[in-house]
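Everything below concerns the one structure shown next.
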Amino acid sequence: MGVFNWSGVARMVRGQILSIREMDYMQAAEACGLSVWRKIFKHLIPNVTPVIIVMATMDLGGFILSESALSYLGVGLAFPYASLGNMVNAVNSSIIMKNYLNIWLPPGLLILFIVMAFNFIGDGLRDAFDPKTALASDATGVQIHSEVDTAEDGCYWVRYSRGGALAILT
């Protein structure tokens with residue numbers, strides 16, 4: 001399944017890199033004289049990593065749903081192998097579905113919980129891998145989103161998304 005899904009991830013990463021490349025702090029890094037490799041490894045890759053991690057965990061949940069659906073339809077894994085889709089497929093009549101919930105309900109709930117767990121793990125990893133993002137509040141109490149970036153050569157960039165302000169401090 002991953003062989004067919006790489007194009008969506010590549011498109012997302014490319015779009016993210018193109019948008020980050022045009023940000024004010026990247027232009028400020030160029031104005032400070034940072035090398036291309038330093039801009040790539042200090043700014044582009046750390047800002048794209050959360051997107052890749054979230055996409056991977058969301059895709060993992062999608063892969064589990066796809067495998068379960070294919071196994072339920074009889075196209076996925078064959079009978080001797082255990083699969084959540086095969087377990088749900090064990091219900092082949094409405095009488096079994098009504099009277100024997102213990103056959104199909106636990107695998108169905110397990111599919112739900114596994115997919116939700118991977119989505120929550122992806123959100124948590126995105127927050128953990130993006131330490132530059134912080135929530136602050138202005139004088140009115142409204143929370144604003146700010147990014148602080150520092151370089152070894154003494155340039156500091158602060159970007160606020162509410163007002164769109166950029167401050168370059170040395």
Show me the helices (runs of 4 or more DSSP H) found entirely inside the stretch 1-47 where at least 2 residues are basic (K, R).
2-21, 36-39
Among the residues of the stretch 66-76, count how many are open to solvent by less than 80 Å² (accessible area, probe 1.4 Å), closer than 27 Å to N119 by Cβ and in a loop (DSSP other than H, G, I, E, B).
1
Hand me the list of helices (runs of 4 or more DSSP H) wholly inside the stretch 77-141 holding 2 or more residues that are surrounded by fewer than 16 Cβ atoms within 10 Å (Cβ to Cβ) and modelled with pLDDT under 85.
94-99, 101-129
Test A31 against the stated conditions and say whether it is open to solvent by 50 Å² or more (accessible area, probe 1.4 Å) and among the aliphatic types (A, V, I, L, M).
yes
Collect the residues in the stretch 36-69 that are over 30 Å from A90 (Cβ atoms) and aliphatic (A, V, I, L, M), keeping them in residue-number order.
V36, I40, L44, I45, V48, V51, I52, I53, V54, M55, A56
Just to be sure I understand the filter: pairs with C-beta atoms under 6 Å, separated by 6 or more residues or on different chains, first member in the stretch 81-95 and under 19 Å from G61 (Cβ atoms), second member outside any helix (DSSP H, G or I) and open to solvent by less than 90 Å² (accessible area, probe 1.4 Å). Which pairs pass?
S83/L77; G85/G76
Return the residues of the stretch 1-28 that are more than 21 Å from A56 (Cα to Cα) and open to solvent by less than 50 Å² (accessible area, probe 1.4 Å); say none if nothing qualifies.
Y25, M26, A28
Checking F63 against (1) open to solvent by 40 Å² or more (accessible area, probe 1.4 Å); (2) assigned to a helix (DSSP H, G or I); (3) without any contact (Cβ under 8 Å) to a residue 40 or more places away in the chain: exactly one of these is not met. Which one?
(3)
Within the stretch 72-107, tally of residues that are within 21 Å of M1 (Cβ to Cβ), aromatic (F, W, Y) and in contact with a helix residue (DSSP H, G or I) (Cβ under 7 Å, 6 or more places away or on another chain)
2
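The values are calculated or read from the model by the stated rules, or taken from the named source; none is laboratory data. Because the structure is predicted, anything quoted here is derived from the model rather than measured. Note that each Cβ is placed from the backbone with ideal geometry, even for glycine, and that neighbours are counted across all protein chains shown. Note: areas computed on protein heavy atoms with side chains; ligands, DNA, RNA excluded. Shrake-Rupley method; radii C 1.70, N 1.55, O 1.52, S 1.80 Å.
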